[in-house]
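Asks: The following block contains the structure, expressed as structure tokens.
Any read-out appearing in this document is the output of simple, stated calculations on the displayed coordinates, not a laboratory observation. Everything numeric here is computed off the predicted structure, so don't read it as measured data. Cβ sites come from the backbone with ideal geometry, for glycine too, and all protein chains shown count toward neighbours.
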Amino acid sequence: MAMCEEVSVIRPYCLAVLVLGWFAASPVLAQPAPPPAPAAAPNDYGKAESWLCRPGREDACAIDLTTTVVAPGGATTREPWAANPKAPIDCFYVYPTVSRDQTTISDMAIGDEERNVVLQQFARFGSQCRLFAPMYRQVTLTGLRARLAGSRLELDRGTGYDDVRDAWNHYLAHDNNGRGVVLIGHSQGAMVLTQLLAKEVDGKPVQARLVSALLLGTSLPVPKGKDVGGAFQKIPLCRAADQTGCVITYASFRSTAPPPANTRFGRVQAEGMEAGCTNPAALAGGSGPLQAYLTNRGSLIAQSAPQTPRWIGDGAAIDTPFVSVPGLLSARCASNEHANYLEITVQADPTDARADDIPGDLGAAGRVQADWGMHLVDVNVAMGNLVDIVGRQWKAYLAKARR
């Protein structure tokens, strides 16, 4: 499938970016097109079941995030985790394409796939902010498979945005109370939030409450060599950890597999524009260490690793949900003739007792799809960095508010 002409707020649901390409060889491609979803009435975000996560309840975000830290020599320590019940700001999250519903637009029933992606990408921010994650009727994997198979079925790409906009407005009216907020999204979720920010936040009074936006696994247009313009006119890229009202954005690729000519991320074709890249390991520029949080079994946001990673050379069992491998990964923003991207380097030591690689490549039928890069772990590989940055940002935000 060719790269779409432009990835911007004009085309927020560009198929080449929404698709999680592991399904390209799925048997579903040989099946008839799924039935279109019925016309969508507005959701009621006053109902508890319309939210994956809200403060003060047992839900998808109230989960165990305990982590085993594996040092280079193979020694392990246990890292506990706890939410901050007095967090001074909020986080509002829109999840990526994960729904396996059999219609082209998902329903509002919370499934295992939505719970899994919150576990991987969002719950850990609860140490810094109150957590809000609405369900929304997203374009499903089923609908995208049908389109890739050649179906002329028209996908309803506006319902998901309408849902998120309605959830955002409900949050502002009933929950925000003037608090600072971080918007977080990945892939389809990042593109929905790009549209929301452009229409509802950029240059509007509510922008004063924007602590930051984390728009990950997407290609955000900015003028070449500049930090503001393109998708947003008043919201710049973040270049320091204590900068507020700004955007962190990137799409990740291995240093050993940079974006190819058919890359699906890291480029935009609007004249004078390029895809923004901000390195969460070194926002001011250069390279820095990544603080990754990966599931101990190697499961990803939309597929499982071929086998459980051997995190320690002797195969010792790890009984925590997450694993951290400090010093194994580093990142820098890089460019080649095809894209701007976040280059992930694995600094393995074959002589030590720790794993020498991480799962995260997107593949089908045993083949790695280089055009997708490390899309499935865009968030996981920098989770610790992102959480730390949000912590610094809210401190800077509150300090400015007190002046």
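Asks: Would you work out the relative contact order for the chain, in percent, from Cα pairs under 8 angstrom that are 6 or more residues apart?
Replies: 20 percent
Asks: Report the longest stretch of the chain that contains none of the GluC sites (Glu not before Pro) sitting in a DSSP loop with at most 13 other Cβ atoms within 10 Å.
Replies: Longest site-free region, per DSSP loop and neighbour criteria: 155-270.
Asks: Quick one: length gained pulling SER127 to ALA240 fully straight, 0.36 nm per residue minus the C-alpha distance?
Replies: Length gained between SER127 and ALA240: 38.6 nm.
Asks: Once you charge only the Cβ atoms, +1 for Lys and Arg and -1 for Asp and Glu, what is the size of the charge dipole of the chain about its Cα centre, to the nearest 20 debye?
Replies: That gives a dipole near 940 debye.
Asks: With label points built 7 Å along Cα→Cβ from the Cα atoms of LYS86 and ALA270, find their separation and express it in nm.
Replies: It works out to 4.4 nm between the two label points.
Asks: Neighbour counts of other C-beta atoms within 10 Å: give me MET374, MET108 arranged from fewest to most.
Replies: Fewest-to-most ranking of MET374, MET108: MET108, MET374.
Asks: Given Cβ point charges of +1 (Lys, Arg) and -1 (Asp, Glu) and nothing else, what value in debye, to the nearest 20, does the dipole of the range 51-161 about its Cα centre take?
Replies: In total the dipole reaches around 200 debye.
Asks: I would also like to ask the following. Dipole of the chain (Lys/Arg Cβ +1, Asp/Glu Cβ -1, origin at the Cα centre): which of SER287, GLN121, MET108 lies farthest to the positive side?
Replies: The residue sitting farthest along the positive end of the dipole is SER287.
Asks: Right, next: Scan the chain and note any complete DSSP helix (H) whose C-alpha atoms cover at least 20 Å along its axis and whose Kyte-Doolittle average is -1.0 or more.
Replies: 383-402
Asks: Taking 7 Å along the Cα-to-C-beta vector as the label spot, tell me the ASN336-LYS204 distance in nanometres, rounded to one decimal.
Replies: 4.0 nm
Asks: If Lys and Arg each add +1 and Asp and Glu each add -1, what is the summed charge of the other residues whose beta carbon sits under 9 Å from the beta carbon of PRO55?
Replies: Counting the neighbours of PRO55, the net charge comes to +1.
Asks: Students often get this wrong, so check it: of LYS199/LYS400; LYS86/LYS226; LYS224/LYS395, which have C-alpha atoms separated by over 29 Å?
Replies: Cα-Cα > 29 Å for LYS86/LYS226; LYS224/LYS395; rest within.
Asks: Another question, then. At a 10 Å Cβ-Cβ cut-off, how would you order MET191, MET273, fewest neighbours first?
Replies: Result, fewest neighbours first: MET273, MET191.
Asks: Assigning unit charges at the beta carbon (Lys, Arg +1; Asp, Glu -1) and nothing else, what dipole magnitude in debye, to the nearest 20, does the range 270-342 show about its Cα centre?
Replies: Around 240 debye, computed over the range 270-342.
Asks: A further question on this structure: Can you tell me how much longer the chain between ARG57 and ALA40 gets when fully stretched, taken as 0.36 nm per residue apart minus their C-alpha distance, in nm with one decimal?
Replies: Gain on extension, ARG57 to ALA40, equals 3.3 nm.
Asks: Here's a follow-up. Can you give me the distance in nm between label points at ASP175 and ALA284, each placed 7 Å from the Cα along the Cα-to-Cβ direction?
Replies: The answer from the label model is 3.6 nm.
Asks: Additional query: When DSSP assigns beta bridges and you keep just the ones with both residues in the chain, what percent turn out antiparallel, to the nearest 5?
Replies: So the antiparallel bridges amount to about 50 percent of the total.
Asks: Going 7 Å from the Cα of ASP227 toward and past its Cβ, which residues in the range 252-293 have a backbone nitrogen under 12 Å from where you end up?
Replies: So the set is 278-279, 283-285.
Asks: Add -39500 (n - 2.57) for each DSSP H run of 4 or more in the chain, then divide by its residues: what number comes out at 222 nm, to the nearest 500 deg cm²/dmol?
Replies: -5000 deg cm²/dmol
Asks: Just want the answer: with Cβ charges of +1 for Lys and Arg and -1 for Asp and Glu, which residue in THR218, ASN340, VAL390 is farthest toward the dipole's positive end in the chain?
Replies: VAL390
Asks: For every other residue with a beta carbon closer than 11 angstrom to the beta carbon of ASP101, add +1 if it is Lys or Arg and -1 if Asp or Glu, then tell me the sum.
Replies: Computed value for this residue: -1.
Asks: Near PHE132, within a Cβ-to-Cβ distance under 9 Å, what is the net charge of the other residues, with Lys and Arg +1 and Asp and Glu -1?
Replies: Charge balance near PHE132 sits at 0.
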